[in-house]
Amino acid sequence: NIMANSNMIGMEESVASGISEKLNVLLADYQVYYQNLRGFHWNIQGNRFFSLHEKFEELYLSTAEVIDEIAERILTLGHVPLHTFNDYVATAHLKAQKDISDAETAANAVVQNLNHLIGHQRTIIKLAAESGDEGTIALLSEFTTVQEKNVWMFTALLK
């Protein structure tokens with residue numbers, strides 16, 4: 001019986017499991033990125049304070065929504081999203097960034113974090129495409145488009 005090996009949305013369980021595992025790593029990376037943004041928002045100093053303080057808040061608020069959507073996608077695939085700080089730290093490939101207060105270092109860190117997330121998403125999109133997982137492709141494609149624009153804007157700031 002084909003349905004016996006499928007999840008609630010009719011996806012083969014082995015496919016759903018593999019994609020969920022990769023989405024959980026992405027979720028952990030996003031949680032680290034989120035906390036990095038909070039730190040940049042709180043600690044930024046200098047002549048770009050007002051614009052960057054506001055921009056980092058905008059980014060962490062939108063990142064919180066992305067985190068929620070990734071967790072909900074994992075649940076839709078029939079799996080459990082990571083949800084403890086210990087799991088995030090143990091799983092994430094991104095590293096926590098501490099005591100950053102100058103605009104250039106913070107902007108460079110955002111670009112590096114975003115490029116990591118974009119690359120990670122492209123890898124998952126490729127796997128999802130091979131697996132016929134349109135839901136994951138659509139979700140991650142949307143995130144990637146927004147993040148590529150943010151990379152462009154922060155790269156422009158650094159020039």
> Given a 1.4 Å probe, how much area per residue of the chain is accessible, in Å²?
Replying inline: 55 Å²
>> Once you keep just the Cα pairs under 8 angstrom separated by 6 or more residues, what percentage relative contact order results for the stretch 1-139?
In response: 34 percent
> At what distance in angstrom do the alpha carbon centres of the stretch 106-127 and the stretch 13-77 lie from each other?
Replying inline: 11 Å
> Using θ = phi - 60° and the Karplus curve 6.51 cos²θ - 1.76 cosθ + 1.60, what whole-Hz ³J(HN,Hα) does each residue of the stretch 75-81 get, with Gly and Pro shown as x?
Replying inline: 5, 4, 6, x, 10, 9, x
> Among (i) 15.3, 51; (ii) 17.0, 65; (iii) 14.1, 42, which is the computed Rg and Dmax of the Cα atoms in Å?
Replying inline: (ii)
>> From the phi angles alone, apply the Karplus equation (6.51, -1.76, 1.60; θ = phi - 60°) to the stretch 147-159 and give each ³J(HN,Hα) in whole Hz, x where the residue is Gly or Pro.
In response: 5, 4, 5, 5, 4, 4, 5, 5, 5, 5, 4, 6, 7
> Full extension from T84 to R122: what is 0.36 nm times the residue separation minus their Cα-Cα distance, to one decimal in nm?
Replying inline: 11.1 nm
> Once both labels are modelled 7 Å past Cα along the beta-carbon direction, what's the E12-E134 spacing in nm?
Replying inline: 1.9 nm
> Which percent of the accessible area of the stretch 1-92 is formed by carbon and sulfur heavy atoms (probe 1.4 angstrom)?
Replying inline: 54 percent
> Plugging the Kirkwood radius over Cα pairs into Stokes-Einstein for the stretch 100-157, at a temperature of 37 °C and a viscosity of 0.692 mPa s, what D comes out in µm²/s?
Replying inline: 269 µm²/s
>> For the chain, what does the helix formula give at 222 nm: sum of -39500 (n - 2.57) over DSSP H segments with n ≥ 4, over the residue count, nearest 500 deg cm²/dmol?
In response: -26500 deg cm²/dmol
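The values are calculated or read from the model by the stated rules, or taken from the named source; none is laboratory data. Small disclaimer: the values here were computed from a predicted structure and weren't measured. Every residue, glycine among them, receives a Cβ derived from its backbone with ideal geometry; neighbour counts consider all protein chains shown. Calculation scope for accessible area: heavy atoms of the full protein, side chains included, ligands and nucleic acids excluded. Shrake-Rupley method; radii C 1.70, N 1.55, O 1.52, S 1.80 Å.
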